[in-house]
Amino acid sequence: MSPVEAVTLDFFGTLADHADGIGRSRLFADYLATQGLGCPRFDHRVMYEAFDYYGEAFRPDSSDRKRKDVWIEFTRRLFERTGVQGNPDPEVHAGSIETIFGPNHFRLFPEVIPVLEELKRRGLAVGIVSNWHRGLNHFCAQYGILEFLDVVITSTDAGCEKPHPTIFGKAATRLGVSAGKVAHVGDSPEDDVEGARNAGMQAILLDRHDRVLSVGRKVRDLEEMLELVGLRA
């Protein structure tokens, strides 16, 4: 690989996974069923609308009361936009909705923090580029990794999704590094590898389960990525 001055990383599937192996939409539907509530088919765009509010209103260092108020309002908006039937009280359900949709729903892969520490120790700029809703920076703060990140760019913030090259270009610009000196790491051959290459970046596929036969540079975990960018022998 050419010399690398920055590394960008996908979030879901690269840095984190569902803590219990079940997606949020299914957990939401199952929870509503246990409460005798129902709603039309879940639409991720509706969830993103609720997270527009969360991204603006939530602060990890807020008091417990203020954080609770944010999740109550998040729940109200989510229930309203998904058409939840049964006239539920958002305050009653806010704690469960936070469990389903908040940062505790995800778990970081074991090597994430040591790898981020190593990247920063070596002086590389580091960012996240993810097809995600607003508020991912708040999630990262609660995971204790925001301090290692120079930028967190979501598709909602950028106005386009990977593999569109614009989202990668925004990351390189904000990192202050030319695209050719950025290595992007992600688990999607299309969104991450193809998208990064089309933006002029170097691309590394993270294939934790060795399911993709050949896409060029490939690693099974982030520790191997450090070797590929020349940070470890």
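A few notes on this one:
- For segment 75-188, alpha-carbon Rg and Dmax in angstrom: 17.2, 55
- GNM result for the chain, Cα springs below 10 Å: residue of R24, R45, R197 fluctuating most strongly: R45
- The mean accessible area for residues of the chain, using a 1.4 Å probe and ignoring ligands and nucleic acids, is 47 Å² per residue.
- Of all accessible heavy-atom area on segment 27-172, the percent that carbon and sulfur account for (1.4 Å): 46 percent
- Charge dipole (debye, nearest 20) of the chain; +1 at Cβ of Lys and Arg, -1 at Cβ of Asp and Glu: 260 debye
- Once the Cβ-Cβ distance of R122 and K66 is raised to the sixth power relative to R0 = 45 Å, the FRET efficiency obtained is 0.75.
- Nitroxide proxy distance, nm - points 7 Å out along Cα→Cβ at H18 and V92: 2.7 nm
- Relative contact order (percent, whole number), the chain, Cα cutoff 8 Å, 6+ residue spacing: 24 percent
- Cross-link reach list, lysines versus K120, counting only Cα pairs under 21 Å and skipping chain neighbours closer than eight places: K170, K181
- On a per residue basis, the convex hull of the C-alpha atoms belonging to segment 1-80 measures out at 166 Å³.
- D52/T166 FRET efficiency (R0 25 Å; Cβ-Cβ; nearest 0.05): 0.80
- Start at zero, step by 10 Å, and the Cα-Cα distances of the chain spread as 8, 31, 32, 19, 8, 1, 0 percent across the bins.
- Once the chain from E5 to E224 is taken as fully extended at 0.36 nm per residue, the excess over their C-alpha distance is 77.1 nm.
- Structure-based [θ]222 nm, the chain - -39500 (n - 2.57) summed over DSSP H runs of at least 4, per residue, nearest 500: -12500 deg cm²/dmol
- Estimated vicinal HN-Hα couplings, Hz - segment 124-130 in sequence order (Karplus 6.51, -1.76, 1.60; Gly, Pro = x): 7, 6, 9, x, 10, 10, 9
- Between R208 and A29, full extension at 0.36 nm per residue minus the direct alpha carbon distance yields a gain of 61.6 nm.
- Sorting V215, V151 by accessible area puts them as V215, V151; the probe is 1.4 Å, largest comes first, and only protein heavy atoms count.
- Pair Q142, E111: separation of 7 Å Cα→Cβ label points (nm): 2.7 nm
The values are calculated or read from the model by the stated rules, or taken from the named source; none is laboratory data. In this text, all values refer to a predicted model and were calculated from it rather than measured experimentally. We place every Cβ from the backbone using ideal geometry, glycine too, and count neighbours over all the protein chains shown. Calculation scope for accessible area: heavy atoms of the full protein, side chains included, ligands and nucleic acids excluded. Shrake-Rupley method; radii C 1.70, N 1.55, O 1.52, S 1.80 Å.
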